[in-house]
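Here the structure is laid out as structure tokens; the discussion comes afterwards.
Please treat every number below as a calculation from the coordinates, not as lab data. Because the structure is predicted, anything quoted here is derived from the model rather than measured. Glycine also receives a Cβ, built like all others from the backbone with ideal geometry; neighbour counts cover every protein chain displayed.
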Amino acid sequence: MPHNSPPVSATRSATSPSPDHVRAFIESHWDDTVRHSPKDDGTLIGLPHPYTIPSRKDVFQELYYWDTYFTCVGLVATGREELALNNTRNLLAEVGRFGFVPNGNRKYYLSRSQPPYLAPLVGLLAEASQDPAFLQEAIPLLKREYEFWINRRTVSPGLARHGCHATREELIEFFPTVRDRLGMPDALAEDNLEFAARVMAECETGWDMNSRFAKRCPDFFPVDLNSNLWLYETLLARWTTGDESSLWTERADRRRTLINSLCWDAERGAWFDYDHVHCRRSSVWNAGLFQPLWVGLANPEQAAAVVANALPKLEFDHGITATLPPNGATPYQWDHPNMWPPVQHIAYRGLARYGYIGEARRIAEKYIGCVTRAFALTGDLWEKYNVADGSHIARNEAGYFKNPVNLASGGNDVPEAETPSMMGWTAGIFVDAQDFLADSKS
């Protein structure tokens, strides 16, 4: 059985704010996250349209790649379609300018991307806007981004890995931003350039830092990355015609076969990242295994196996943990007990896609409960929560808020011990989880 307790919403006192209060806060504060910087300014990369940033204050004052998908889910659901369209157009503009979507719109992020969500984001906005011209304008740019993942991140036999394309100088600039997080405060960048490149690749996963890749991120074919690229191929097959559509379908079929051959473990009943250097599957249980359900790659038998085998391991009293460290607790923020909003969304939407409505509702209820209870205590939303106690007190890493700008100024934006307040994906997934629970009532 999973590590379950009654949904926290069931234990909320009558005087506490309700989920509807949280939603009202979200809808009234979206505009606090809007920025417009059409021209390059220092390290900031200019974008043609207004855009949302994750936080209303302090840290994360840029447009981030994969965060934006989950934010836009909430924007569309709360009637802010135009703002979501602007976000999407900005990401497409980055592809037009750079050939890929950088981690964020800072020049020091140009050496890496983040998990590719632009195709499903285009699909979300094309459906919401019912504007066929928007989709036709986006398709050539989606193909160009796809080529980035094929040409710069794919190795034999044909699956993608995360990596970076940093110069020596960029790695030297990057290393001081992560060495405290890695427990290496006195290490010199010049002595650790290869290691710095591996760590930068882990940053491209969006899961920085974690025990999932044992600090050898480029050695693995991540299940979630390749599931998303399968979704690109599937969507482009749907959005094109004739021989081109057939070509995309062939690519999707080939990728599905490789994912199932290398990453599916029938004995453990789940997908695992594949170590292509040592030709073996990872031993680390992590929430990336829900991605094949979210994109629709799983067959019914695989989905059933995930529910039977993986869900009890990764579900805790207050949500889905991102990673079960192989050797107990670690200092990394993408390990247990931290609970991240996008992981909850991928899990409950993926499970619901295959008919596991009860399990999906349980996870969505836990997320709503966590966010609502923390809001009652603090009056704010937070970047991450705690699956063990349901609070917003989660593990950060020393130096988490360091970046080249902060290093140059000699300071950080917020205290290292404080989890950052955040709208962004926390708000977007809250809205989606609430709507999912309303729509899935029996």
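Taken as entire DSSP H runs, the helices of the chain that both span 27 Å or more between Cα atoms along their own long axis and average 0.0 or more on the Kyte-Doolittle scale are 357-378. Our estimate of slack between Thr167 and Ile393, defined as 0.36 nm per intervening residue step minus the Cα-Cα distance, is 77.7 nm. Peptides 175-187, 421-433, 385-397, ordered by how many other C-beta atoms sit within 10 Å of their residues on average, highest first, read 421-433, 385-397, 175-187. In a DSSP loop and with at most 12 other Cβ atoms within 10 Å, there are no chymotrypsin sites (Phe, Trp or Tyr not before Pro) in the stretch 32-99.
Near Tyr385: Cβ cut-off under 12 Å, other residues only, Lys/Arg at +1 and Asp/Glu at -1. The net charge is +1.
Net charge of the neighbourhood of Arg80, taken over other residues with C-beta under 12 Å away and scored Lys/Arg +1, Asp/Glu -1, is -4. Extension gain, Lys39 to His21, is 2.8 nm, computed as 0.36 nm per intervening residue step minus the present C-alpha separation.
Proximity of backbone amide H atoms, modeled 1.01 Å from N, is registered between Arg281 and Asp275 at under 5 Å, excluding neighbours fewer than 5 places apart on the same chain. Adding -39500 (n - 2.57) for every DSSP H run of four residues or longer, then dividing by how many residues the chain holds, sets the calculated 222 nm ellipticity at -15000 deg cm²/dmol.
Out of the stretch 57-124, which trypsin sites (Lys or Arg not before Pro) are coil in DSSP terms and have no more than 16 other C-beta atoms within 10 Å? Answer by residue number: Lys57. Within the set (1) 57, 54, 49; (2) 77, 50, 40; (3) 107, 44, 38, the number that Cα extents along the principal axes in Å takes when calculated for this structure is listed as (1). The gain in end-to-end length when the Ser283 to Arg238 segment is fully stretched comes to 12.7 nm, 0.36 nm per residue minus the alpha carbon separation. The distance from the alpha carbon centre of the stretch 15-65 to that of the stretch 107-128 is 17 Å, rounded to a whole number. With K and R counted +1 and D and E -1, the other residues having a Cβ less than 15 Å from that of Ser37 yield a net charge of +2.
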